[in-house]
Each structure stands twice: as C-alpha cells, then as structure tokens.
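Accompanying notes for the structure given below.
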Amino acid sequence: MNNGVEPIIQIKNVHKHFHTLRGTVYALRNVSLNVMPGEVVVIVGPSGSGKSTTLRCINRLETIDGGEIIVDNIPLKGARNINKVRAEVGMVFQSFNLFPDRTALGNIVLAQRVVRRRRRAEAVDKAHDLLAKVGIPEKADSYPAQLSGGQQQRVAIARALAMDPKIMLFDEPTSALDPEMIKEVLDVMLALAKEGMTMVVVSHEMGFARAAADRAVFMDEGRIVEEDKPDILFSSPSHKRTKLFLSKIL
C-alpha cells in the first residue's frame, strides 16, 4: 500500500501453465506484482519469459491456474461480468487488430457504440478528438490498408482510449513497426504516461522505459527476477541473469 492508496492491479502468487504436444509449459511461476494508480511499469525479458502472458491474465484473456489477480478492486476469478472489467482496461497488441472494412474513424466509433452504448454523434466526436490526440486527425476516413504501420497502431491506441479506460496494457506495441515508425507510437505513449495514465508495457524500448516508466521489471522463465527504477535496473542490475540479458540488448 502507498499512503493509503490501494494498488489498481494486484497480482498475487499467480501460476499459469499451458498443455502442448511437447508437454506442459509453465508460463508463470508464483508471480506477484502490484501496480499503483498512475504508475507506469515496463516489463522486459527474453522471449517466452511470461511477459505477454502476464498482460493477458490482467484482463483475463488467459485464465490463471493458481493465485489471484485483482483489478480495480474486482477479483478476476470471481468476476461475473468480465466485460465490465475489460471496459476499464485498454489493451494494445503487437498486431493492430483493426477491422479492415472500417475506416480509422469507424474502428474507434464501433467499440464505443457496442460497449459504452454511446450515441453515434458523441462517439464520432470522441473519435475525432482521439485521432487528433494521437496525431493523425487527417486519417479519419482512411482504411487500415491505406495507413502505415505506425498510423495503424496509433488508431489502435485511440480505439482503446475511446473506452475511457483506467488502465492501458501495451504488448510490444512497436515490435511490428519499421524503425522510423517506432518513435511516433512511443511519443503517444509517452504523452499518456505524462497525463497520469496507469500503464503496464511489455517492450524492449529502453529509451521509453527510462523516459516514462516509474518501474522496470525483468522476467525470465515465468518468474519476476528483479524490479527497480529503470535507471538502476538497466545500469546496475543486481541479478546475474538480468545482467546477461541486458548485455545483449543495450
């Protein structure tokens, strides 16, 4: 707890495994992590370390096999209306997942109408405002195929923000982008962080982590190995596994 404020995300001793043709894969092993309101947490680690699985468990795209996750004071395991929880948690994936037959504006309007039950005029106004916020107001009538990867990802961010979420989850949002498009997406995320949005970000963008994150978490083999302020974790990690990983990417 922090000055009497409850964590908005509580992950307590969480286990998760998958059954595959090659046997059982233990994706999360006794993972515990609290995220405070307004905090930006960046999770780093090698492929298969459990980073994305952690995010997917936070909005119950994956169910857990043990432990507990509480989001905005709602235990996910017993949540009867999981869509109510998901409405408060925006998620942006590696792939943009836009509807190809709808314009940028249409993609942002649709979820507002279906989930938030907003009137069309209100949803359209909000969509225009959010396209301006992410820096592409002129692309309202463009279809995904007419947009660059960076522009599609910014539409995906705007679509998530249209739900007025309390939490934003980003699963390697720049990994599918060409290098010159990465900055435009990170700039939007940096602005969100400065506005006080609670964010959990899986990313290898260390510059973003240093600039925006309150905390960096290193995961390996389904466990949290260590966590600290980004400058400390990246410059003087205490665990040899963290040192080895960072030596290969920094």
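The values are calculated or read from the model by the stated rules, or taken from the named source; none is laboratory data. Values in this document were obtained by computation on a predicted structure and should not be read as measured data. FYI the Cβ positions are ideal-geometry reconstructions off the backbone, even for glycines, and counts take in every protein chain you see. In case anyone asks, the SASA skips ligands and DNA or RNA and just uses the protein heavy atoms, side chains included. Shrake-Rupley method; radii C 1.70, N 1.55, O 1.52, S 1.80 Å.
Tabulated results
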quantity: Region 132-182: number of residues that are within 18 Å of residue 99 (Cβ to Cβ) and either among the acidic types (Asp, Glu) or without any contact (Cβ under 8 Å) to a residue 12 or more places away in the chain (or both); calculated: 2
quantity: Positions within region 184-212 being part of a loop (DSSP other than H, G, I, E, B) and touching a residue at least 24 places away in the same chain (Cβ under 8 Å), in sequence order; calculated: 196, 197, 203, 204, 205
quantity: Selected residue [among the hydrophobic types (A, V, I, L, M, F, W, C) and open to solvent by 40 Å² or more (accessible area, probe 1.4 Å)] from 71, 25, 89, 44; calculated: 25
quantity: Those helices (runs of 4 or more DSSP H) lying entirely in region 40-146 with at least 2 residues of a type outside the set (Lys, Arg) and within 28 Å of residue 15 (Cα to Cα); calculated: 51-58, 82-87
quantity: Index of the failed condition, residue 232 passing every other in (1) touching a residue at least 24 places away in the same chain (Cβ under 8 Å); (2) among the β-branched types (Val, Ile, Thr); (3) in a helix (DSSP H, G or I); calculated: (1)
quantity: Residues of region 182-239 classified as charged (D, E, K, R) and within 20 Å of residue 32 (Cβ to Cβ), total; calculated: 9
quantity: Of all residues making up region 153-184, the number that are of a type in the set (Val, Ile, Thr) and under 21 Å from residue 111 (Cα atoms); calculated: 3
quantity: Meets criteria (modelled with pLDDT of 95 or more, crowded, with 23+ Cβ neighbours inside 10 Å and not aliphatic (A, V, I, L, M)) for residue 208; calculated: no
quantity: First in region 7-20 and aliphatic (A, V, I, L, M), second anywhere and open to solvent by less than 80 Å² (accessible area, probe 1.4 Å) and in a loop (DSSP other than H, G, I, E, B), Cβ under 6 Å, 6 or more apart; calculated: 8/37; 8/72; 14/64
quantity: Lone unmet requirement of (1) aliphatic (A, V, I, L, M); (2) outside any strand (DSSP E or B); (3) over 20 Å from residue 135 (Cβ atoms); (4) under 19 Å from the mean Cα position of the chain (by Cα) for residue 177; calculated: (3)
